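Only one structure is covered here, and it is reproduced in the block below.
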Amino acid sequence: ALGGLGSGLQSAGMVAGGALLGIGAAAVGGFGVAMGAAINMNASLEQSTMQFTTLMGDADTAAEHVANLFEFGAKTPFETEPIIAASKHLQIFGGEALNSMENLTLIGDSAAAVGAPIDEVSFWVGRLYSNLQAGQPFGEAAARLQELGIMAPETKTQLEEMQKAGASGTEVFGAFQERMGSFAGAMDM
């Protein structure tokens, strides 16, 4: 009977040892995943800084901007990569005049409110801005923003009337920004 008890204890010890070994392996594996994520994040940071250096023409400005984007990402429901893509769209379509944290916040709140990807919203906002600054029709951008639920038909009509009346692109875009302000705080929710 004691032999059977000893055999049972030995089996329990092997099971417990195996469980501890499994937990240890999982911890090491988890550490490896965390290390991989840190390396990927660092590579993304470096690549983004290089891209913004090219777009902005200044390494220090680009590094500060990318750091702000990572900080912004930590406070929003969006992943960092789409935020970086959104900022690149704004930089390409309007430079520093459009690519501001204020505009990114307006776009982020709008995207969060309607459940749209931030990079897609920023692309179409950038197209709208670019067309308005050039005094060109902006129907395609407006249509996409309407499909996304960002621009109401009344807003499109208001912007078209302002453009026909000779308002500057900056004034017309300012009216659009005011409308986007109605989504303020959506990322926090």
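The values are calculated or read from the model by the stated rules, or taken from the named source; none is laboratory data. Because the structure is predicted, anything quoted here is derived from the model rather than measured. When we count neighbours, we look across all protein chains shown, and the Cβ atoms used for this are built from the backbone with ideal geometry, even at glycine. What goes into the accessible areas is simple: the full protein's heavy atoms, side chains included, and nothing from ligands, DNA or RNA. Shrake-Rupley method; radii C 1.70, N 1.55, O 1.52, S 1.80 Å.
Could you report the accessible area of Thr54 in Å², rounded to 10, computed with a 1.4 Å probe on the protein chains as they sit in the structure?
Around 110 Å² of this residue is reachable by solvent.
Between Ala175 and Glu96, what is the spin-label point distance in nm, taking each point 7 Å from the Cα along the Cα→C-beta axis?
For the pair Ala175/Glu96, the computed spacing is 2.9 nm.
With θ set to phi - 60° and the Karplus curve 6.51 cos²θ - 1.76 cosθ + 1.60, what are the ³J(HN,Hα) couplings of the range 89-97 in order, to the nearest whole Hz, using x for Gly and Pro?
Karplus-based 3J(HN,Hα) across the range 89-97 equals 4, 5, 5, 5, 7, x, x, 5, 5 Hz.
Can you compute the modelled spin-label distance between Gln47 and Asp60, with each label point 7 Å from Cα toward Cβ, in nm?
2.8
Give me the accessible area per residue for the range 76-120, probe 1.4 Å, as a whole number in Å².
38
Determine the per residue accessible area of the range 127-177 with all protein chains present and a 1.4 angstrom probe, expressed in square angstrom.
49
Starting from 0.36 nm per residue, how many nanometres of slack lie between Ala152 and Glu79 once their C-alpha separation is accounted for?
23.6 nm
Using a 1.4 angstrom probe and counting only protein chains, how large is the accessible area of Asp60 in Å², to 10?
Result for Asp60: roughly 120 Å² accessible.
In whole percent, and with a 1.4 Å probe on the protein chains, what portion of the accessible area of the range 60-189 is carbon and sulfur?
With neighbouring chains kept in place, the figure for the range 60-189 is 50 percent.
For a test of the definition: using alpha carbon positions, the gyration tensor, and the 1.5 limit on a/c, classify the range 45-189 as rounded, prolate or oblate.
Since a/c reaches 1.5 but b/c is at least a/b, the shape of the range 45-189 is classed as oblate.
For a paramagnetic label modelled at 7 Å from the Cα of Gln136 toward its Cβ, which residues of the range 82-100 fall within the zone defined by backbone nitrogen distances under 19 Å?
Backbone N within reach: 89-99.
What shape does the range 50-96 take by its C-alpha gyration tensor, where a ≥ b ≥ c are the square roots of the eigenvalues and a/c under 1.5 counts as rounded, a/b above b/c as prolate, and the rest as oblate?
Numbers: a/c = 2.44, a/b = 1.48, b/c = 1.64.
Oblate shape, in that a/c is at least 1.5 and b/c is the bigger or equal ratio.
Sorting Thr157, Thr76, Thr170 by accessible area (1.4 Å probe), largest first, what list results?
Thr170, Thr157, Thr76
Heavy atoms of the protein only, probe of 1.4 Å, neighbouring chains included. What is the accessible area of Arg179 in Å², nearest 10?
The value for Arg179 is about 110 Å².
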